[in-house]
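**Student:** For reference, the structure I am asking about is given below.
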Amino acid sequence: MKNRLAFFSALCFFLAAVEMAIPKPLPFMRLGLANLPIMAGLALLSIKETILLIFLKVLLQAFVSGTLFSYVFIFSLAGTLASGFGMMLIYHLVGGKRGLVSWFGISLFGGLMNNLAQILVAKFVMFGENISYVAPLLLAAGFVCSGVLGVFMNLFWKKSRFVEMVHADSRKRSFDSAQDDKDPFVIPSEKPVIPRETPVIPSEVEESYWKVYLSLAVSLAAFVTILITSSLYVVYGIFLLFLVLNLIKYKKVRILSPLLIIASVTFLELLSPAGKILWQYGSFKVTDIPLVSGLLKSGKLCAMVVVSKFAVNRQIHLPGKVGQFVSEVFGIFGELNVDGKTEAKKNRKSLIAYIDMRLCEVWQNVK
């Protein structure tokens with residue numbers, strides 16, 4: 001038997017990792033790929049499982065991106081909760097069996113709720129009134145992305161064998177469904193669960209516990225320092241230090257996204273000139289107060305991300321049911337991450353057919 005919540009959580013994890021590879025000009029701008037399992041979960045999971053999946057998606061997305069202790073997590077939490085519960089409301093009121101709204105409409109509504117929540121958070125956390133300059137761009141990008149995801153879901157739902165397979169397996173479950181609703185973290189099984197190998201993620205060297213706890217302690221101290229300091233030297237010093245530490249730990253770092261974030265946040269601050277004029281080109285003025293404010297805000301954001309990424313250790317094994325659930329998620333993630341491009345090319349499958357094939361294969365393998 002399968003744990004549906006673990007499977008869809010692993011799918012969120014996998015899509016978050018895919019999305020992480022795509023540069024973003026602003027910290028809260030995402031394509032929304034990791035929302036696809038939530039949309040599918042509206043029809044394939046119970047309401048309780050869907051609610052849990054919404055919260056797990058936020059944690060897993062922060063986990064894979066290393067933003068758990070940063071401002072980005074606040075944006076992600078607000079957007080995911082607004083879009084997730086918004087889509088649930090639309091699906092159960094006018095979608096689903098009523099069929100009055102398609103996946104396209106559900107996706108558009110979820111994207112709108114996500115953008116509105118993140119704009120509200122951005123106004124109070126980072127940009128202030130200057131969010132009005134970027135809000136139209138964010139809404140337009142959200143409309144396009146959620147529309148594309150909605151079209152994809154409509155096409156996928158019509159042609160998918162995976163959807164039929166999940167429905168069929170749900171109907172023939174032999175275990176007590178009431179118990180599944182009471183504790184969805186339990187992994188029911190008819191035979192012992194064989195632990196799967198932890199997926200290959202940048203760090204492959206198993207660290208001892210004292211190193212894990214030391215890195216957590218150092219990261220916590222750095223995080224507190226970032227919050228209380230107003231010094232650019234301290235903030236960017238911590239940012240560069242942990243950038244080097246991440247390079248040592250993970251063998252690679254991403255520098256393009258932090259640079260884009262620093263540039264975009266600082267530019268938006270400069271649109272409201274104040275203080276001494278440092279440089280001027282036409283009517284555009286670079287003044288000292290917004291320049292320092294923008295560099296400080298963006299520097300803290302980027303520093304929190306690299307500190308959080310250093311603190312996260314994906315090889316920690318938790319005890320009990322939660323630990324078993326986490327291991328199951330990582331195991332399914334590892335199977336989803338298997339490269340199947342050669343087989344797809346050989347069979348000349350379309351993108352949707354290939355995705356459906358991979359989901360069916362992994363679903364069958366985790367029985």
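The values are calculated or read from the model by the stated rules, or taken from the named source; none is laboratory data. From a predicted model like this one, the values you see are computed outputs, not experimental measurements. Note that each Cβ is placed from the backbone with ideal geometry, even for glycine, and that neighbours are counted across all protein chains shown. To get the accessible areas, we keep the full protein, side chains included, count just its heavy atoms, and leave off ligands, DNA and RNA. Shrake-Rupley method; radii C 1.70, N 1.55, O 1.52, S 1.80 Å.
**Student:** Any idea of the accessible area per residue across the stretch 37-157, 1.4 Å probe, to the nearest Å²?
**Tutor:** For the stretch 37-157, the solvent-accessible area averages 41 Å² per residue.
**Student:** Between residue 123 and residue 263, how high is the FRET efficiency from 1/(1 + (r/R0)^6) when r is the Cβ-Cβ distance and R₀ = 25 Å? Nearest 0.05.
**Tutor:** For R0 = 25 Å, the calculated efficiency reads 0.80.
**Student:** Right, next: Using a Förster distance of 35 Å, how high is the FRET efficiency between residue 286 and residue 255, based on the Cβ-Cβ distance and rounded to 0.05?
**Tutor:** 0.90
**Student:** Please list, in order along the stretch 39-54, the HN-Hα scalar couplings obtained from phi with the Karplus expression 6.51 cos²θ - 1.76 cosθ + 1.60 (θ = phi - 60°), rounded to whole Hz, x for Gly and Pro.
**Tutor:** 4, 5, x, 4, 9, 9, 10, 6, 4, 5, 5, 5, 4, 4, 5, 4
**Student:** Next up: Might you work out the accessible area of residue 72 for me, using a 1.4 Å probe with all protein chains in place, and round it to the nearest 10 Å²?
**Tutor:** 10
**Student:** Still on this model: Each label point is 7 Å from the Cα along the Cα-to-Cβ direction; what then is the distance between the points at residue 240 and residue 211, in nm?
**Tutor:** With each label point 7 Å from Cα toward Cβ, the separation is 2.6 nm.
**Student:** Length gain on complete extension for the stretch residue 361 to residue 158, per 0.36 nm per residue less the alpha carbon to alpha carbon distance?
**Tutor:** Full extension from residue 361 to residue 158 adds 71.2 nm.
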